[in-house]
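Shown next, in structure tokens, is the structure this report addresses.
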Amino acid sequence: MPTASGLGYRAVPRGTRILTASRQQHDRAARSLPLGVSDTYRHWGDQTIYVKRAKGAWLWDIDGNRYIDFRLGWGPIILGYGDERVDRAAKRGMELGGSTALASELEAAVAEIMIEMVPGVELVRFANSGSEAVATALRVARAYSGRDGFVMVEGAFHGMFDSVLWRTQMESWNPGGAQPPELAPFGRGIPTAHRDLVGVVSLNDAEALEALFKQEAGRIGAVLMEPILGNCCAIAARQDYLRDVRRLCDEYGIVLIFDEVKTGFRVGRGGAQELYGVTPDLCTFAKAMANGYPIAALGGRAKFMEQISGFDGVLHGGTFTGHPIGLAAAQETLRILRDTDVLRQVADWGNELQEQLSRVFTDHDIPHVFTGHPSMFGIMFREEPPKSYRDWASSDHDLYDRMARRLPDFGLLPEPDSREPWFVCESHLSLDPSDIAATVSDVIAELRR
Ligand code: PMP
């Protein structure tokens, strides 16, 4: 088997990563920032990384360690870090002069491309983060349906706002028992009043969804779901299930929202909705739409989006919404994704990586399945493909986590949590998947020892 040494991507000897500068930085940062970071999930204890630079598929920390990055900023990087085409466009956006809190020509230009690319998008509004886009989608759905309750799927993540910050407690669930896993807030400070508005169902179980619709008739206004659970091993909905969800929403007068913050402009030009051939009423985008520049969007069928109709309708906006830098970056990113074959190439490379990894896991007698889409795939150490988050409980996620936490010492950077997918971007195409698989093999061999 070829070894990763041919790539020359280790700035420090294999398996002996030095994090002295990062640890010093962490001590310093913790005096001015809670946990020394700007997002709680970026705090990895004494393994917390402070980035010096990122380019292509590579990332360097302040100790000089170099990694092939499979986190890609939790998904936004679809072309590569520091893509010169997108950066040039962003600079052109900068020339407008900054944030004016007025409209510009760029907004319609980007909206028109989105409408062209995504089946369910007839009208668009921009936002600055996925969380904001999802919050607005929920507000639009509630205004349209006149009902405040909504349904989410176990294992879903929809952003940093109280309505959706409810997590399925799979760690404490008894798979043999009769009870479903419990729902708990993501940490403290989330008003319990929000709990009463959320119903949660297991993915790929249309009967449970219909039962909930019947039980809560008149209270549920929306189903909010990711067709591929981007924060839960990329466990994917089955096509027949999504069709059932669509049909049930129509029957019960419930607005169907696809949260495509992770899948959008990644799993296909038209997102997961195009891949599955199931069109939602509303959908949200963020990450890949501008290759990492901060911008998000809410789109949907006109009759839903027209709820945003002045001060008597749904309110939406914000000081920085429609910022010209993000818009210009989105315009160029979307143009590239629309006019080139890059998404197919990314998927092909992801498939090839999966094949190589599969050989490694098989050689080490590790039962495994790949989930999701080759451009954002989960690795689950279990025999059978998962149906829902509940199947995570019976996967060997401890082994996965040990592998994922050791890989950075060998120059590969996935998220240190089995529920976060591996992301692929155009810049990965210049790397040999078999070299990457060889490194994974070395790490597993070491863990086994
Ligand atoms: N929806 C999904 C599916 C996400 O994965 C995320 C973020 N990981 C969000 C919404 C929130 O997006 P943001 O972090 O940009 O607020």
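Each label point is 7 Å from the Cα along the Cα-to-Cβ direction; what then is the distance between the points at ARG219 and ASP196, in nm?
So the label points at ARG219 and ASP196 sit 0.9 nm apart.
Based on the mean of other beta carbon atoms within 10 Å per residue, what is the order of 343-349, 154-160, most packed first?
154-160, 343-349
Suppose each label sits 7 Å from its Cα in the direction of the beta carbon; what would the SER309-GLU355 distance come out to in nanometres?
If labels sit at SER309 and GLU355, their model points lie 5.4 nm apart.
How much length is gained on full extension from GLU384 to GLU116, taking 0.36 nm per residue of separation minus their Cα-Cα distance?
92.7 nm
Accessible area per residue for the stretch 84-339 in Å², computed with a 1.4 Å probe and the full protein assembly in place, what is it?
42 Å²
With the chain treated as a Gaussian network of Cα nodes joined by springs under 10 Å, which of SER394, SER430, SER129 yields the largest mean-square fluctuation?
Highest fluctuation of the listed residues: SER430.
So if R0 is 30 Å, what FRET efficiency would GLU107 and GLU207 give, r being the distance between their Cβ atoms, rounded to the nearest 0.05?
Step by step, r from the Cβ atoms, then E = 0.10.
Taking the square root of 5 times each eigenvalue of the Cα gyration tensor, what semi-axes in Å does the equivalent ellipsoid of the stretch 266-421 have, largest first?
Semi-axes, largest first: 36, 19, 16 Å.
For ARG31 and GLU95 in the same chain, what is the full-extension length gain: residue separation times 0.36 nm, less their Cα-Cα distance, in nm?
So the chain would gain 19.4 nm between ARG31 and GLU95.
Sorting check: for 95-104, 273-282, 29-38, 112-121, which peptide has the highest mean count of neighbouring beta carbons within 10 Å, and how do the rest follow?
273-282, 112-121, 29-38, 95-104
Working from the alpha-carbon coordinates of the stretch 84-339, get Rg over Rh, Rh being the Kirkwood radius.
0.98
So, in Å, what gap is there between the alpha-carbon centers of the stretch 387-449 and the stretch 209-253?
Cα centroid of the stretch 387-449 versus Cα centroid of the stretch 209-253: 30 Å apart.
How large is log10 I(q)/I(0) at q = 0.09, 0.14 Å⁻¹ when the Debye formula is applied to the Cα atoms of the chain, each weighted equally and without solvent?
Ignoring solvent entirely, the Cα scatterers give -0.58, -1.43.
For a quick check, take a GNM of the chain with Cα springs below 10 Å and name the residue from LYS214, LYS262, LYS287 with the largest mean-square fluctuation.
Taking springs between Cα atoms under 10 Å, the residue moving most is LYS214.
Let me have the 222 nm mean residue ellipticity of the chain computed from DSSP H runs of 4+ only, each contributing -39500 (n - 2.57), with the sum over all residues rounded to the nearest 500.
Mean residue ellipticity at 222 nm (helix-derived): -10500 deg cm²/dmol.
How large, in percent, is the carbon and sulfur part of the accessible surface of the chain at a probe radius of 1.4 Å?
The nonpolar share, carbon plus sulfur, comes to 49 percent.
Please figure out what share of the DSSP beta bridges in the stretch 84-339 is antiparallel and state it in percent, rounded to the nearest 5.
Looking only at bridges with both residues in the stretch 84-339, the antiparallel portion is about 50 percent.
Given points 7 Å out from each Cα along the Cα-Cβ axis, report the ARG338 to HIS364 separation in nanometres with one decimal.
4.4 nm
For the chain, give me the percentage of DSSP beta bridges that are antiparallel, rounded to the nearest 5 percent.
65 percent
What's the FRET efficiency of PHE320 with ASP87 using the Cβ-Cβ distance as r and R₀ = 22 Å, to the nearest 0.05?
0.65
The values are calculated or read from the model by the stated rules, or taken from the named source; none is laboratory data. Every value quoted in this text rests on a predicted model; they were computed, and no experiment measured them. Don't worry about glycine lacking a Cβ; one is built from the backbone with ideal geometry, like all the others, and counts go over all protein chains shown. Note: accessible area is taken over every heavy atom of the protein model, side chains too, but ligands, DNA and RNA are not part of it. Shrake-Rupley method; radii C 1.70, N 1.55, O 1.52, S 1.80 Å.
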